[in-house]
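Q: Got a structure here, written out as structure tokens. Questions coming.
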Amino acid sequence: MNLIPGWGMGPRCWGPMAEKLETRYRLQYSSLPGHGVLAPRPAWQLSDVAAQLLAELPAGVWLGWSLGAQLALQLARLAPERVRALVLLGATPRFLRASDWPHAMAPAVFDAFKTSCREDPIRTLRRFQALQVKDSDHAAPVLRSLRQNRIAEPECEILADALAVLQETDLRPLLAQL
């Protein structure tokens, strides 16, 4: 099983979930550009990173979280023969709300998030992680695990590049093809 983390997370963000998955699967950890293993790429595109993941990881089950889920969808389009199954966590085909897609983040909220990221990337990552566990019965230990496994020294440009991908990506047409 190939694991693709989300925005701001390192390749080992999976914590106790990975421990459970390891009893049934051989896990392959990946990262986003500049978030761990993959080198930073200027203004990277979803399809480029998906192609890079396909080149580096074996065929099989792909587990993607948030932006990682969008990458998993994209690589399923690029190489369906390499995808036995998709497991998508915190997934949406479009991250930003639109007139025909109310199930997403408001553009004004996203813009404020981008501004916050430019001003203080570490604080923004901490806030983002706290939002991910909000209302969870296990918020404290999960948040602790997320914070221990985030990217070590986030660079504003790297995080901004990934946010630009989230802002621009709309995979809704792809869903009907899968």
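Q: Name the residues of the range 159-176 whose amide N is less than 13 Å from a point 7 angstrom out from the Cα of Ala98 along the C-beta direction?
A: The answer is 167-175.
Q: Can you tell me the FRET efficiency between Gln148 and Val61 if r is taken as the Cβ-Cβ distance and R0 is 25 Å, rounded to the nearest 0.05?
A: Working from the Cβ atoms, E equals 0.50.
Q: Scan the range 94-178 for trypsin sites (Lys or Arg not before Pro) in coil per DSSP, keeping those whose Cβ has at most 16 other Cβ atoms within 10 Å, and list them by number.
A: In loop regions of the range 94-178 (DSSP not H, G, I, E or B), the sparsely surrounded trypsin sites (Lys or Arg not before Pro) are Arg97, Lys134.
Q: When only Cα pairs under 8 Å and 6 or more residues apart are kept, what is the percent relative contact order across the chain?
A: 27 percent
Q: Convex hull over the Cα atoms of the range 114-178, averaged projected area in nm²?
A: 6.1 nm²
Q: Cut-off 10 angstrom, C-alpha nodes, Gaussian network model of the chain. Which of Ala72, Ala50, Ala104 fluctuates the most?
A: Per the Cα network of the chain with a 10 Å cutoff, Ala104 tops the list.
Q: Expressed in nm to one decimal, what extension gain is obtained for the pair Asp170 and Ala106 from 0.36 nm per residue of sequence separation less their Cα-Cα distance? The partial results should precede the final answer.
A: On the way: separation 64, 0.36 × 64 = 23.04 nm, distance 1.46 nm.
So the chain would gain 21.6 nm between Asp170 and Ala106.
Q: Quickly work out the Arg12-to-Leu27 label distance, labels modelled 7 Å from Cα along the C-beta direction, and quote it in nm with one decimal.
A: Result: 1.1 nm between the two label points.
Q: Also, I was wondering about something else. For the range 1-149, what is the Kirkwood estimate of the hydrodynamic radius, computed as the reciprocal of the mean inverse distance between distinct Cα atoms, to one decimal in Å?
A: Roughly 16.3 Å, rounded to one decimal.
Q: Read phi for every residue in the range 53-63 and hand back ³J(HN,Hα) as whole Hz from Karplus 6.51 cos²θ - 1.76 cosθ + 1.60, θ = phi - 60°, with x for Gly and Pro.
A: Rounded to whole hertz, the list is 5, 4, 6, 9, 10, x, 5, x, 8, 10, 10.
Readers should treat all values here as calculations from the given coordinates under stated rules, not as data from a laboratory. Predicted model, so just to flag it, every value in this text is computed and none were measured. All Cβ positions, even for glycine, are placed from backbone atoms using ideal geometry, and neighbour counts span all protein chains on display.
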